[in-house]
Every structure is written in C-alpha cells, then in structure tokens.
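Q: Before I ask anything, let me first share the structure, which is written out below as structure tokens.
The values are calculated or read from the model by the stated rules, or taken from the named source; none is laboratory data. All values reported here derive from a predicted model rather than from experimental measurement. Reconstructed Cβ throughout: ideal geometry from the backbone, glycine too, with neighbour counts over all protein chains shown.
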C-alpha cells in the first residue's frame, strides 16, 4: 500500500475532512463575528448575519451527524 509518512490516502482525507474542516469553520465564525462587530449590526443584525452566513456550515455538520447515526444503526 502506498503511504506518505506512514499515512494512507484515506487517513489523510479523513484528517482533512474532520480536523481541517472544523478549523476552517471556526475561522469562518470568527470572520462573521468580525463583520458583525465592524458593521455595528446590533443584536438582531448579528443574529441574522450568523444565521444566514453559517447556514451552510450547519447543513454540513447535520449531514455528518446523520451519516454517523446511520452508520451506527
């Protein structure tokens, strides 16, 4: 089996999907928070920004959760 530093292609892909995407999502939340703070959006505006701009991330996490639940059962 071909390995890179002892890791297979599947190991690297799994690491990138879990740890890499989680780090990227946290960075995106930081960017949305900065945008809300700099635009002085207020409470409702900040809520709307987080809701709209992070809706895709919520869907991605829900998809992973559903897949995990289906794999268990």
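Q: Examine the range 50-63 for a residue that is surrounded by 13 or more Cβ atoms within 10 Å (Cβ to Cβ), modelled with pLDDT of 90 or more and in a helix (DSSP H, G or I), and state whether such a residue exists.
A: yes
Q: Sticking with this structure for a sec: Inside the range 1-21, can you point out the residues that are without any contact (Cβ under 8 Å) to a residue 24 or more places away in the chain, in contact with a helix residue (DSSP H, G or I) (Cβ under 9 Å, 6 or more places away or on another chain) and assigned to a helix (DSSP H, G or I)?
A: 17, 18
Q: Here is a follow-up. Which one is nearest to the chain's Cα centre (by Cα), of the residues in the range 25-46 that are surrounded by 12 or more Cβ atoms within 10 Å (Cβ to Cβ), without any contact (Cβ under 8 Å) to a residue 24 or more places away in the chain and assigned to a helix (DSSP H, G or I)?
A: Let us first name the residues in the range 25-46 that are surrounded by 12 or more Cβ atoms within 10 Å (Cβ to Cβ), namely 25, 28-29, 32-33, 35-36, 41, 45-46.
Then drop every residue that is not without any contact (Cβ under 8 Å) to a residue 24 or more places away in the chain, which leaves 32-33, 35-36, 41, 45-46.
If we keep only those that are assigned to a helix (DSSP H, G or I) as well, we get 32-33, 35-36, 45-46.
Details: 32: 13, 33: 15, 35: 18, 36: 19, 45: 22, 46: 19 Å.
For the range 25-46, the residue satisfying everything is 32.
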